[in-house]
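Down below is the structure, laid out as structure tokens.
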Number of protein chains: 2
Amino acid sequence: MTLPSTYADRNCSLARTLEVVGERWTLLIVRDAFFGARRFGDFAARLKIPRAVLTSRLKSLVQEGVLTRDDEAGAGVEYRLTPKGVALWPVVRALMNWGDEFYSPSGAKRAFRHDRDGGLLDREGRCQECGQVVPVPAITIERGPGYEPDGTEHDPVSGTINTPRRLLEPFVRSEGRKAS
Amino acid sequence: MTLPSTYADRNCSLARTLEVVGERWTLLIVRDAFFGARRFGDFAARLKIPRAVLTSRLKSLVQEGVLTRDDEAGAGVEYRLTPKGVALWPVVRALMNWGDEFYSPSGAKRAFRHDRDGGLLDREGRCQECGQVVPVPAITIERGPGYEPDGTEHDPVSGTINTPRRLLEPFVRSEGRKAS
DNA sequence: CACTCCAGTTCATTCATTGAACCTACTGTG
DNA sequence: CACAGTAGGTTCAATGAATGAACTGGAGTG
């Protein structure tokens, strides 16, 4: 977003937040991090964004403390959400809810459940079984009623993301995953 | 945001939402609409954004059904949030909450109350007096503990916005408002 | 050592944003 | 009626950011 720091809205936390996550692509990167993306290549493949832009966004997210960059992680670099990044979950949910409400007539594209009791989460993230606000790592994501098959189901990266899984859990990369 | 419509994420409501409100400035315009801005000039003065950009953003927000454009309104044009626009309130709140949490150590920049019983609203928009989720038009906004005076308090436009008021209520423009 | 991944960088082209100036219609005011 | 002021824009040159394709360089493998 790069709002000028002379911006009159020193007193608006919305403006402040947008300086961190308001740029093009940034929130989509964060979303994919929630969904389990950790590697540069995962983000690049899923988002189809120019690698130079991805580099720059990852850099600034790390700098802002939303992601950590860990290059000690086996073969390659891993980007992971920090607690500050995980705290963006309500933002991601709110944006999704609005899109579901106004652009997905047959229902939410994705559904979220409490992994423990399988209860669906409502708009505020509360489990309809136990009434709790479910913490992010205990949420599983699956297709919702509004999901529209689009042919990416069997693509190794997007495909993985379309099967039920727990948030924040990294993609499992079996050795033969590029075998066509 | 202008994500290409060929975007693989047909199935992500977050991406869909960002296509509508993800561009630079757009959410700040929406925020000011919640805070009572209705006139082209109000937005321009508060946001200090190039008028050409404002024109284009207002146009697309109207096209998306987030705002209405009414040029029958006395002397001038009025932009108002539609119900679809008002439904963005949770998005605005979520973004503000995050900014307050991580960039405003002395507390929220703005506080919200239930106009009827004066109860403060919590993070989810629930009144701490009566427990209800307060509908947007019944919310009043005032300075929070983290508010930092910045000299715009007596500027006619920004100043108005800094005194407690009900959301969505238009600025009252008294005839002598430009009298220095 | 050749080969493949992975995580970037580089670069020319295209596109969007910026800020300042200009334009047009309407509203009082003397 | 002339004139200033206000409102809501448009136009334009300059700058900056995004795009996509090609390239680089290191680590791990056979």
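The values are calculated or read from the model by the stated rules, or taken from the named source; none is laboratory data. Model, not experiment: these values are computed from the prediction. Here Cβ is always computed from backbone atoms with ideal geometry, including for glycine, and neighbour counts include all displayed protein chains.
Listed by position, the strands (runs of 3 or more DSSP E) contained in the stretch A:57-118 that have at least 1 residues being farther than 17 Å from B:A15 by Cα and outside the structural domain of A:L47 (by TED's automatic domain parsing) are A:110-114.
Restricting the search to the stretch B:119-154, which residues are part of a loop (DSSP other than H, G, I, E, B) and touching a residue at least 40 places away in the same chain (Cβ under 8 Å)? Once the filter is applied, which keeps residues that are part of a loop (DSSP other than H, G, I, E, B) and touching a residue at least 40 places away in the same chain (Cβ under 8 Å), the stretch B:119-154 yields B:G144, B:G146.
Of all residues assigned to the stretch A:29-37, at least one qualifies as being more than 10 Å from chain B (Cβ to nearest Cβ), within 11 Å of DNA strand C (Cβ to nearest atom), of a type outside the set (D, E) and assigned to a loop (DSSP other than H, G, I, E, B). For the stretch A:101-113, the condition holds for no residue, the condition being that it is within 12 Å of chain B (Cβ to nearest Cβ), within 16 Å of DNA strand C (Cβ to nearest atom) and touching a Gly at 6+ places or on another chain (Cβ under 9 Å). One residue stands out among those in the stretch A:13-28 that are more than 8 Å from the chain's Cα centre (by Cα), within 16 Å of DNA strand D (Cβ to nearest atom) and assigned to a helix (DSSP H, G or I): the one that is surrounded by the fewest Cβ atoms within 10 Å (Cβ to Cβ), which is A:E19.
A quick yes/no check of all residues on (1) in contact with a helix residue (DSSP H, G or I) (Cβ under 8 Å, 6 or more places away or on another chain); (2) at the interface with chain A (Cβ under 10 Å from one of its Cβ atoms); (3) at pLDDT 95 or above:
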| residue | (1), (2), (3) |
| --- | --- |
| B:A52 | no, no, yes |
| B:L58 | yes, no, yes |
| B:A73 | no, no, no |
| B:V77 | yes, no, no |
| B:A87 | yes, yes, yes |
| B:R93 | yes, yes, yes |
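Restricting to the stretch A:38-50, and then to whatever is more than 11 Å from every other protein chain (Cβ to nearest Cβ) and assigned to a loop (DSSP other than H, G, I, E, B), can you tell me which residue is nearest to DNA strand D (Cβ to nearest atom)? Among those residues, the one meeting the criterion is A:P50. For A:Y79, the conditions (1) within 16 Å of DNA strand C (Cβ to nearest atom); (2) over 15 Å from A:T26 (Cα atoms) all hold with the exception of (2).
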